[in-house]
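Here's the structure we're looking at; comments come further down.
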Amino acid sequence: MANGRDRREPVFDAPAGEAGGLDFRLSPEDRAGGTMARRRASSNGGDGPRRPARPRKAKRKGGRSLFSKLVYAGLVLCLWGVIGVGGVVAYYASQLPPIDQLTVPKRPPNIAIMASDGSLLANRGETGGRTVTLKELPPYLPKAFVAIEDRRFYDHFGIDPTGIARAVYRNLAHKGGLQGGSTLTQQLAKNLFLTQERTASRKIQEAILALWLERNYSKDQILELYLNRVYFGAGAYGVEAAAQRYYGKSARNVSLSEAAVLAGLVQSPSRLAPNRNPERAQARAELVIAAMNELGFITPGMTKTALGAPAEPVRANGAGSANYAADYVMDVLDDFVGNVESDIVVSTTIEPSLQTTAERVLVEELDAKGQKFSVSQGAFVALQPDGAVKALVGGRNYETSQFNRATTARRQPGSSFKPFVYLTAVERGYTPDTVLEDGPVNFGGWAPKNYDRKYRGPIALRDALALSLNTIAVKLNMEVGPKNVVQTAQRLGISSPLQANGSLALGTSEVTPLELVSAYAAFANGGTGVVPYVISQVKTTDGKLIYKRPGSGGLGRVIDANAVAMMNEMMHNTFVVGTARSAQVPGWAMAGKTGTTDDFKDAWFVGFTGNLVAGVWLGNDDGTLTKRVSGGNLPSEIWHNFMKVALKDKQPVPLPGSERFRDDVPVANAGPDPRYANAGTGDNAWIPPQPAPQRRASREKNFFEKLFGL
């Protein structure tokens, strides 16, 4: 073979007789992969015998069954669906902060503003109520939320597939209205981290965050967070705020029927508010109670009791004026505590009974006479002589207008500014007995006139102030100097800009009711200037003291004791023979001053006893004129009605310097009081007034018989 002896050369010549029958085409056996390709030579290189062809299997008709194809396709689709969902979840998860950096945001702090007796005046802050713990709440309150919002709350892992399936079924079947399927954990996640928009992306993020919450917090912690964050409408965030808003009580004290209303309310706060839609709220509450009974959260007896005694929302009493006082607290709070980062409790000097009385007398007077006199608004301030604010009403109705006229509105005080002019004169040697001529005056073409357009000739200052004579006040102002009058007013606490001109004596420079009443406090306390204050102390909810008002926060002595005595005698005379006679309260020594602008735009009365200072302003916000409202009519009536209640059952307190009052200046409607039979003669003693001699009465009759209030 190696020598080629056995080699055969190819022969292409066909044998004779076969040339036409040659066929060079490959048979199937000769093709690659066929029998020829599978043929192998023997191990010694010989041709070897040909192996028989392997028998071919018969081809199955129809291929795979339809069912198996569907199963296969379903598995493939599910796989791709899982991959797709995973991709979507991963995408939206990437839009969230890193999980390892995620924290529950701090709840905005609540500021509980308390009255002097410890009762709640108002809550301020973004939430409307303080944080409460589960331990503080009656057991049925959190259970009510679980029963109606997420009955498998303690069983699921943050997402409830059963609840989602039920919600989908009910939505498709149109049973029971639209169902959300969100768990309490998901709702909390939405409130903590997300917006309120309803989109698929937000739902996916909500689910992711719910899983995170369940991993990092216990069920009770999640429920507590939820109860303190969920929105109940009317600006109330959290169950404590809602209980105060709708039932005027703490969530710690709500009944089962009230708890059911609150739990049902979160589904739709605007539609189910008990103060707006009591029927819908009660119907929803009955569903809550039924669910609680079904789950065994309450006994059949409790169920029957709750269904038989529906919750009644608290009705707002009056005009809500306590909110004006609360707003004032918030205005000054930063000065004492700075930035508030946690819930705090602010104790104030507001006395609820006086606040209610001030609101009532103001509103009743405006309701009864406002239309007749074309006056629509008013403000009222009452202080202790040391500056403690006891009542503050900033308008007729807080719900209608939150503008605080007591602290913010600057209006012309009219003749109620005159005591500062008279005090400036007294400090320069004038006395109540000093006589000036009441006659026409003219300063560079300006000729002010008295209220009644009459002149009385020579008159003592005590009577000129009591009658609120403009000519005398202007003369005094020009004699002592307007700049000195400005300094006197500022020394007593007037902080608004004052124009040092001739008309200053008539109260043409604007002031607020609060600062004017505060300035009068120096007359009531014997000469000490005060800074009005409303906050006595501030604590955290766990009792840590943040701020406490020091014992003395006044401006020190701003009026000499003798000057106080003379001023109080003259302003006391206003109640005896002057423009405030109708405001007198029998048995009490009082002093004060009426005030009216020339065009009847503003009307005032500020008066005081030895233990209380109060002031009233009436007018219109748009500056329109009233129909002759003067300090001597409506404001004096309001002041009298307030003081009559405020001083009831209290022992009369003498005015500073009253022992120096003239014996012939009587207290209206008051005779000798046996309670003062042994009164001393010191600065704080008060000598009972004596009847006026006939000489005085005769002189009064001549020009005091017909008085118009100023």
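The values are calculated or read from the model by the stated rules, or taken from the named source; none is laboratory data. Keep in mind it's a predicted model, so treat the numbers as computed, not measured. So basically every Cβ, Gly included, is an ideal-geometry build from the backbone, and we count neighbours across all protein chains shown. Protein only, heavy atoms only, side chains kept; ligands, DNA and RNA dropped before computing areas. Shrake-Rupley method; radii C 1.70, N 1.55, O 1.52, S 1.80 Å.
When you count the other C-beta atoms within 10 angstrom of each residue and take the mean per peptide, 607-616, 479-488, 534-543 line up highest first as 607-616, 479-488, 534-543. If you take the alpha carbon atoms of segment 179-325 and fit the smallest convex hull around them, that volume is 141 Å³ per residue.
At 1.4 Å probe size, with the rest of the protein present, what percent of the exposed accessible area of segment 467-531 is carbon and sulfur atoms? Taking all protein chains in place, segment 467-531 shows 48 percent carbon and sulfur surface.
Probing with 1.4 Å while keeping every protein chain in the model, the per residue accessible area of segment 582-668 equals 32 Å².
Between residue 369 and residue 304, the modelled label-to-label distance comes to 5.9 nm, taking each label 7 Å out from Cα in the direction of the beta carbon. Of the accessible area of segment 600-655, with the probe set at 1.4 angstrom, what percent is carbon plus sulfur? Roughly 47 percent of what the probe reaches on segment 600-655 is carbon or sulfur.
Spin-label model, residue 562 to residue 117: label points 7 Å out along the Cα-to-beta-carbon direction sit 4.6 nm apart. A prolate overall shape is assigned to segment 507-618, the ratio a/c of its alpha-carbon gyration tensor axes (a ≥ b ≥ c) being 1.5 or greater and a/b exceeding b/c. Averaged per residue, segment 205-255 has 36 square angstrom of accessible surface, using a 1.4 angstrom probe with ligands and nucleic acids left out.
On the beta carbon distance between residue 443 and residue 599, with R0 = 25 Å, the FRET formula returns roughly 0.80. Between residue 428 and residue 552, what is the FRET efficiency for a Förster distance of 25 Å, r being their Cβ-Cβ separation, to the nearest 0.05? With R0 = 25 Å, the Cβ-Cβ based efficiency is 0.30. Each label was represented as a point 7 Å from its Cα along the Cα-to-Cβ direction; for residue 267 and residue 403 these points are 4.3 nm apart. In terms of Cα atoms, the Rg and Dmax of segment 264-407 work out to 21.4, 64 Å. Accessible surface area normalised per residue over segment 334-389 is 40 Å², counting heavy atoms of protein chains with a 1.4 Å rolling probe. For segment 399-423 versus segment 357-371, the spacing of their alpha-carbon centroids is 18 Å.
Our note on the geometry: Cα centres of segment 436-497 and segment 234-258, 56 Å apart.
Taking every C-alpha pair closer than 8 Å and separated by at least 6 residues, the mean separation divided by the residue count of segment 354-436 gives a relative contact order of 21 percent.
Subtracting the Cα-Cα distance of residue 155 and residue 220 from their residue separation scaled by 0.36 nm leaves 22.1 nm.
For segment 258-347, which trypsin sites (Lys or Arg not before Pro) pass both filters: DSSP loop (anything but H, G, I, E, B) and at most 15 other C-beta atoms within 10 Å? The qualifying sites are 271, 276, 315. The share of accessible area on segment 219-335 that comes from carbon and sulfur is 48 percent, using a 1.4 angstrom probe. The residue 280 and residue 136 beta-carbon pair, evaluated with R₀ = 30 Å, returns a calculated FRET efficiency of approximately 0.55. Packing, taken as the mean count of other beta carbons within 10 Å per residue, orders the peptides 418-424, 345-351 from highest to lowest as 418-424, 345-351.
The alpha carbon centroids of segment 628-660 and segment 571-620 are separated by 7 Å.
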